[in-house]
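Peer 1: Below is a structure I'd like to ask you about.
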Amino acid sequence: MTDQTTRTALVTGASSGIGAAVAAALVRRGYRVYGTSRSPESVAAPVPGVEYLALDLTDEASIAACARAAGAVDVLVNNAGESQSGPLEELPPEAVERLFRTNVFGAVRLTQLLLPGMRARRFGRVVMVGSMLASFPLAYRSSYVASKAALKGFADALRREVSPYGVGVATVEPGSINTGISERRTQYIRPDSPFAPEYRTMLTALNANEAAGISAESVAATIVRAIEARPPRPLYAVGSNAPVVFALRRLFPRSLILRMVARKHGL
């Protein structure tokens, strides 16, 4: 760590994948780390040195209880979330609402509860774990894309509000990651859907990209860099040739970039 103070970090969704890798990396760097899970007692492979707290991001009472249990948190990594796919017209409203409660509203509420303490101590870091799909939208991922774009919007606007108090805010956008998320993705498509052939093409390419993607540890290293930067940049991207594709995004029309993203997924 960069100073002699032991900082406390809260990492949501720390039972596996990126969250577990971030929690492990912060423990190694001397942080006191809380990790969250819906069922802490059933975490298959607990990270040594991490204390697990219960958190259901769709439940206001659970969010408040988690914030109270964690106490004075210096670093918040909003990582927990759901990955969702399906044609927009076939997404059940209740599924979209659940996605936004998990990916956006829960993270925002937890941030609201922890920010006053960060301001009072004149130090804090809030990292939103987004997705490069927020910058490069993909067909049949509309709800997920929108949730991650919303999270980045909250972070970008929040930066100026809290920077005078020593609180830094950043979004980390991973590209394709090999964390087994393909098996956990929620999908909504009717058996007789007219979109089925294209959807299956997109999903096959998406799963292949994720299988060949970067490791959770690579993403964790970027998140740690954002946490310890003074001050952090607004956006960090990692994986999927991020430096090249973001450069292309600045150089070419958005319509061309969207066609390139579609083509990469067989569309």
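Here, each number is a calculation from the coordinates, and none is a lab measurement. Only a predicted model underlies this, so the values are computations on that prediction, with no experimental measurement involved. Don't worry about glycine lacking a Cβ; one is built from the backbone with ideal geometry, like all the others, and counts go over all protein chains shown.
Peer 1: Have a look at L138, L133 and point out the one that is part of a helix (DSSP H, G or I) and in contact (Cβ under 8 Å) with a residue 12 or more places away in the chain.
Peer 2: L133
Peer 1: Follow-up. Could you say which residue among T58, T12, T8 is surrounded by fewer than 20 Cβ atoms within 10 Å (Cβ to Cβ) and in contact (Cβ under 8 Å) with a residue 60 or more places away in the chain?
Peer 2: T8
Peer 1: Hey, another quick one. Go through the range 182-233 and count every residue that is of a type outside the set (G, A, S), over 20 Å from the mean Cα position of the chain (by Cα) and assigned to a helix (DSSP H, G or I).
Peer 2: 8
Peer 1: Could I ask something else about it? Determine which member of the set R184, R230 is under 30 Å from G124 (Cα atoms) and of a type outside the set (A, V, I, L, M, F, W, C).
Peer 2: R230
Peer 1: Moving on to the next point. Have a look at A170, A139 and point out the one that is of a type in the set (A, V, I, L, M, F, W, C) and crowded, with 22+ Cβ neighbours inside 10 Å.
Peer 2: Unique residue meeting the criteria: A170.
Peer 1: Could you check the range 1-118 for strands (runs of 3 or more DSSP E) lying wholly inside it with 1 or more residues that are out of contact with any strand residue (DSSP E or B) (no Cβ under 9 Å at 6 or more places or on another chain)?
Peer 2: none
Residue by residue, here is whether (1) without any contact (Cβ under 8 Å) to a residue 24 or more places away in the chain; (2) surrounded by 15 or more Cβ atoms within 10 Å (Cβ to Cβ) holds:
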position	(1), (2)
S62	yes, yes
C66	no, yes
A70	no, yes
N79	no, yes
E82	no, yes
P87	no, yes
P93	yes, no
R101	no, yes
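Peer 1: If I ask for residues that are buried (at least 17 other Cβ atoms within 10 Å of the Cβ) and among the hydroxyl-bearing types (S, T, Y), which ones from the range 189-203 would you list?
Peer 2: Within the range 189-203, Y199 is the sole residue that qualifies.
Peer 1: Also, I was wondering about something else. So M202 fits all but one of (1) of a type outside the set (D, E, K, R); (2) on the phi > 0 side of the Ramachandran plot; (3) in contact with a Leu (Cβ under 7 Å, 6 or more places away or on another chain); what number is the exception?
Peer 2: (2)
Peer 1: Now for a separate question. Tell me which of these N178 doesn't satisfy, since it passes every other one: (1) more than 25 Å from V126 (Cα to Cα); (2) in contact with an Asp or Glu (Cβ under 9 Å, 6 or more places away or on another chain); (3) free of Cβ contacts under 8 Å to residues at least 40 places away in the same chain.
Peer 2: The single condition N178 does not satisfy is (1).
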